[in-house]
1. Going by the conditions given, is residue 208 within 30 Å of residue 128 (Cα to Cα) and in contact (Cβ under 8 Å) with a residue 40 or more places away in the chain?
2. Surrounded by fewer than 17 Cβ atoms within 10 Å (Cβ to Cβ), more than 30 Å from residue 111 (Cβ to Cβ) and under 40 Å from the mean Cα position of the chain (by Cα): which single residue out of 225, 235 fits that description?
3. Between 175, 217, 188, which is more than 29 Å from residue 230 (Cα to Cα), at pLDDT below 95 and surrounded by 12 or more Cβ atoms within 10 Å (Cβ to Cβ)?
4. Identify all residues within the range 129-165 that are within 25 Å of residue 238 (Cβ to Cβ), of a type in the set (A, V, I, L, M, F, W, C) and surrounded by 11 or more Cβ atoms within 10 Å (Cβ to Cβ); write none if there are none.
5. Could you grab me the full set of residues in the range 226-243 that are out of contact with any Lys or Arg (no Cβ under 8 Å at 6 or more places or on another chain) and assigned to a helix (DSSP H, G or I)?
6. Spot the failing condition for residue 113; the list is (1) within 30 Å of residue 50 (Cβ to Cβ); (2) of a type outside the set (D, E, K, R); (3) at pLDDT 95 or above, and only one is missed.
7. Counting only residues that are farther than 27 Å from residue 283 by Cβ and assigned to a helix (DSSP H, G or I), how many does the range 46-78 have?
8. Go through (1) modelled with pLDDT under 65; (2) surrounded by 10 or more Cβ atoms within 10 Å (Cβ to Cβ); (3) hydrophobic (A, V, I, L, M, F, W, C); (4) under 38 Å from the mean Cα position of the chain (by Cα) one by one and return the number of the condition residue 21 breaks.
Amino acid sequence: MAFRTKFLTSVAVFALTTGSVVAENHEEMTAETIVASVDGADITLGQLIMLRSQLPAQYQELADDVVFNGLVEQLVNQQLLANTLDEDPLRVDIAITNERRSLRAGEVVNDLALVPITDEALQEAYDARFEGVEPEQEYNASHILVETEEKAIELIESLEGGADFAETAAEESTGPSGPNGGELGWFGAGMMVPEFEAAVVALETGELSEPIQTQFGWHVVKLNDSRETSHPTLDDLRDELTTEVQQEILNELLETLTADAEITLPEEGAFDFSVIQNLELLDK
């Protein structure tokens, strides 16, 4: 985990100047082009570009000249303050070490992300994801919720005699779906309480259930339709699978590097884990 040290990035320090600090010439510029200097310490164009890319969103909308001059002033102020130290404090050296390690590792990860992922690799990842995975069954049902079994039986008799289910649900159901004719929409396994789900699974399309008791009361259920879910296509999952394959490539690289490296890890019990909260050690 890298710890990034942010220094003097407040709005107060990000003071915006009106004058331009860059010479107006058309010479070819590089990341090493010197933009400003403070007592011999150079501030380069590359430093500005990197800092510009890390600005919060509200600064990204500002005009380039405003941001340019603001960043130069910020870096000059930072350099002036930094120059008052005779040597780097331990915490600075540690932060730089962590940041350098993180950035170097990030470069490797970014390079891996640029490696094209073949259609064959994506197909292999797609097949592996759904190997042995059967399509799930989904159900579309409506129900009428009442307080007693007697009432549920009475409604079933009425419905079997020709009463309209949706109208009956709107008139009699105490559940929130009543005003919508008792419609519950599509649902799959595990989305309903077990007693309700078991009754729905046992029904044929268009069939009414016997009275079903759950923690909510007594239900009369009608199965409107059922279907098998289809797996998403490879194109639907292309971005997700690409990330998955890239992660596998990174994991394989790490396994190879780990196998070839000489790594020493802390022995069990060697450290009190709470020591990582002791910031005072950074002052020694």
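1. In short, no.
2. Details: 235 fails: more than 30 Å from residue 111 (Cβ to Cβ).
Among 225, 235, only 225 is surrounded by fewer than 17 Cβ atoms within 10 Å (Cβ to Cβ), more than 30 Å from residue 111 (Cβ to Cβ) and under 40 Å from the mean Cα position of the chain (by Cα).
3. None of the others qualify; the one that does is 175.
4. 130
5. 238, 239, 240, 242, 243
6. With (1) within 30 Å of residue 50 (Cβ to Cβ); (2) of a type outside the set (D, E, K, R); (3) at pLDDT 95 or above applied to residue 113, the lone miss is (3).
7. Final tally of qualifying residues: 23.
8. Checking residue 21 against (1) modelled with pLDDT under 65; (2) surrounded by 10 or more Cβ atoms within 10 Å (Cβ to Cβ); (3) hydrophobic (A, V, I, L, M, F, W, C); (4) under 38 Å from the mean Cα position of the chain (by Cα), the one that fails is (4).
The values are calculated or read from the model by the stated rules, or taken from the named source; none is laboratory data. Note that the coordinates shown come from a computational prediction; the quantities given were computed from them, not determined experimentally. We place every Cβ from the backbone using ideal geometry, glycine too, and count neighbours over all the protein chains shown.
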